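Input: a single structure, listed below in structure tokens.
The values are calculated or read from the model by the stated rules, or taken from the named source; none is laboratory data. Owing to the predicted nature of the structure, the values given are computational and were not obtained by experimental measurement. For neighbour counting, all protein chains shown are included, and Cβ atoms are generated from backbone atoms with ideal geometry for every residue, glycine included. Accessible surface is based on the protein model in full, side chains and every heavy atom, while ligands, DNA and RNA are left aside. Shrake-Rupley method; radii C 1.70, N 1.55, O 1.52, S 1.80 Å.
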Amino acid sequence: LLSSWPFSLKILWAPIVDSVYNKRFGRRKSWLVPVQLLLGIGLYVLSSCIDTWLEKGNLDITKLTGAMFCMYFLAATQDIAVDGWALTMLKATGWASICNTVGQSLGILIASTGYFLLASHGYITLPAFLAYASVAFIVATIFVALFINEGEGGGGGSSSD
């Protein structure tokens, strides 16, 4: 429960995410890129620690809670930046809410249902899944950093706009 507080309290630092940014890099990318890279690194570190922390008879709840709190804090910050970018980019189309809902649903499907389906059949372990997720985060972040331009006013679009 403690580890999920950042999503409940993100309203406290959302104004900072919306107002502090590098104009050359972009209003949303200034937060999105470093936060997602940290999430990717965090997932990779977790992949090497998680089995030890969850070891039967030796559960390390303090380290697990601390790590999850940090990951949730980063994810909540990412959520602020992504929501702001989606609203800015899609406000004229009316698709912002739909895209947000579909993206969140797909993320939940892949991250939980997908993992449990693969793990229940012995195709993947939790550390391997976390390692693969870390690579996906880092690759996607590098793509966004290099090829996606926010455009004028923090909106979206490709770098060829």
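Taking only DSSP H segments of four or more residues, each worth -39500 (n - 2.57), what value at 222 nm results for the chain once the sum is divided by all its residues, to the nearest 500 deg cm²/dmol?
Working: 7 runs with 107 residues, N = 161.
Counting only the DSSP helices, I get -22000 deg cm²/dmol.
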| What shape does region 1-75 have by the C-alpha gyration tensor, where a ≥ b ≥ c are the square roots of the eigenvalues, rounded means a/c under 1.5, and otherwise prolate means a/b greater than b/c and oblate the rest? | oblate
| field | Sparse-neighbour loop sites [chymotrypsin sites (Phe, Trp or Tyr not before Pro); region 68-110; at most 13 other C-beta within 10 Å; DSSP] | value | Trp95
| note | Evaluated at 10 °C and 1.306 mPa s, the Stokes-Einstein D of region 83-147 based on the Kirkwood radius over Cα pairs, in µm²/s, stands at 115 µm²/s
| request: Over the chain, with every protein chain in place, what whole percent of the accessible area is carbon and sulfur at 1.4 Å, could you tell me? | output: 69 percent
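Against the globular-protein guess of 2.2 N^0.38 Å, express the Cα radius of gyration of the chain as a ratio, rounded to two decimals. Let's see the in-between values first.
Numbers: Rg = 17.2 Å, N = 161, 2.2 N^0.38 = 15.2 Å.
Rounded to two decimals, the normalised Rg is 1.13.
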| task | In Å and from the alpha-carbon atoms only, list the Rg and Dmax of region 60-102. | result | 14.9, 48
| remark: Scan of the chain for trypsin sites (Lys or Arg not before Pro) in DSSP loops with at most 16 other beta-carbon atoms within 10 Å gives a longest site-free stretch of 92-161
| task | Averaging sequence separations of C-alpha pairs under 8 Å and six or more residues apart, then dividing by the length of the chain, give the relative contact order as a whole percent. | result | 36 percent
| field | Share of alpha-carbon pairs per 10 Å distance bin for region 35-119, given as whole % | value | 15, 35, 32, 13, 4, 0
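If Lys and Arg each add +1 and Asp and Glu each add -1, what is the summed charge of the other residues whose beta carbon sits under 9 Å from the beta carbon of Trp53? Walk me through the intermediate numbers first.
On the way: positive: Lys63; negative: Asp51, Glu55, Asp60.
Computed value for this residue: -2.
For region 108-142, which chymotrypsin sites (Phe, Trp or Tyr not before Pro) are in a loop by DSSP, counting at most 13 other Cβ atoms within 10 Å? Before the final figure, lay out the partial values.
Numbers: sites: Tyr115, Phe116, Tyr123, Phe129, Tyr132, Phe137; in loops: Tyr123.
When the chymotrypsin sites (Phe, Trp or Tyr not before Pro) of region 108-142 are filtered for loop state and at most 13 Cβ neighbours within 10 Å, Tyr123 remain.
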